1. If neighbour count is taken as other Cβ atoms inside 10 Å, put 193, 208, 368 in order from fewest to most.
2. How high is the relative contact order of segment 187-301, in percent, with contacts defined as C-alpha pairs under 8 Å that are six or more residues apart?
3. With Kirkwood's inverse mean 1/r over C-alpha pairs for Rh, give me the Rg to Rh ratio of segment 61-196, two decimals please.
4. Looking at the chain as a GNM with Cα springs under 10 Å, which of 137, 92, 28 has the largest mean-square fluctuation?
5. Given C-alpha coordinates of segment 102-260, what is the ratio Rg to Rh with the Kirkwood estimate of Rh?
6. What is the distance in Å between the Cα centroid of segment 180-219 and that of segment 8-44?
7. From the helices alone, meaning DSSP H stretches of at least four residues, give me the mean residue ellipticity at 222 nm for the chain, per-run term -39500 (n - 2.57), in deg cm²/dmol to the nearest 500.
8. Given R₀ = 35 Å, FRET efficiency for residue 360-residue 189 by Cβ-Cβ distance, to 0.05?
Ligand SMILES: [Zn+2]
Ligand SMILES: [Zn+2]
C-alpha cells in the first residue's frame, strides 16, 4: 500500500479517534490515578484483538500485537496523564474535572497511539515481529514518573526499538519535527528549608537572618552555573519560589524561609555536579550565617538524545507520508525534560514532535497554558507517520 493510500485509509477512520481525544479531554486524570482513561484504553485495545496487560504499574496499559512471524519487537509509547490546573478554553469538550486539564496534549497522544494500534491490527497480515503499545501514567509526575517504573517492571525487556512523540504548538497540524542527537534536558527539582533566629528588624545582630542567607545562596547558584559549569555544556538553574515572613509585617525578621526550583542540563556529568554542588553551596553559606539548612533533591529525568538511525526512519516515513515540505528538522535541543528519557537509557530510541497549532482556529497557546489546545487535524497524519515508522522499524 502506498503512503498516500495509507493516509487516506487513516483519514477515513479518524473520527473515532477525534471522539476519543475529546472524551479524554473532558475527563482528564492526573499522575498514577487514571482509572477512567486506562479502562478506555484497555477496552479499545481489546476490541482491536490485541493482547492487553495491566497491573505492572498503576494504571499503565500495554497492548501487544503478535504477528506470529519472527522479527523485531518495536514499542510505541504514549503518555496519558493531565495536569493539575484549570481549563479556561471555551470549547464543547472543555474539562469537566475541576482543576484538572489536558494542557500538554497527552489526550491526543493517547488517541493517536490507539489509532496506530487499530491501523496496525487491521494490517497485521502485512507485518512480522511484535509491536508493543505502551500507555503510561505520570509523565508530569509525581516522582519518579511512569516511564521509570515501566522500565523497572520488565514488560519492555524484549523491546529492540522504542519511539514516542509529543505535540508541538508552534507548528501547524500535519508537520513532523525530528531531531538528531541530544533533544531534551534533564529535569530535577530542589527545595531548601532555612531555619535561623528571628527578631526585631532594627536589631539584626540578635538574629540569624534567613532572608539575606537565601539571597546569598540564590545569587551563588547563578555563579555555580556561570563559573563552575563549562560554558559549552548547557545548563540552567532557576529558583521558582521563595517563601518567608508576612508581607504586611515590615519590622520582623522571620526565623524560617523555604525556596525551591529546578536545574536542567544536557549531560549526565553536569547534572550530577549540580546535584552535589547546589547542596554544598546552600549548606556552606547557611553555616557561615549561623542558619540551619535542609536541602532536599528530587531527582526526576535524565537528559536524552535520539538514536540517529531511528530518527532517519522517522524522517523518511514522515517525508513519504506527509511530503518533504511538512517535515522539519529541530535545529536546537530543548531544555525542557521528558520522562521518555528513561526508555532511551536501555532501548534504542527516538522521539519526535508533531505540530498541533492553528492560528486561524485560535489554537496558539503554549504547553501548560490554561488555553492550550490541539488542532485535531494533526491526529490522522500523526497516526499514519507512527504506523509507517513502526512498519519500517519491523522491516516490513
Ligand atoms: Zn507537560
Ligand atoms: Zn507533555
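Rule-based calculations on the coordinates, nothing more; no lab input. Just so it is clear, the model here is predicted, and its values are computed rather than measured. Note: ideal-geometry Cβ built from the backbone for every residue, glycine included; neighbour counts use all protein chains shown.
1. 368, 193, 208
2. Taking the mean separation of contacting Cα pairs over the length of segment 187-301, I get 44 percent.
3. Using only Cα positions, Rg/Rh for segment 61-196 is 1.04.
4. For the chain, modelled as a Gaussian network with Cα springs under 10 Å, the answer is 92.
5. Result: Rg/Rh = 1.16.
6. Segment 180-219 and segment 8-44 have Cα centres separated by 43 Å.
7. -10500 deg cm²/dmol
8. 0.35
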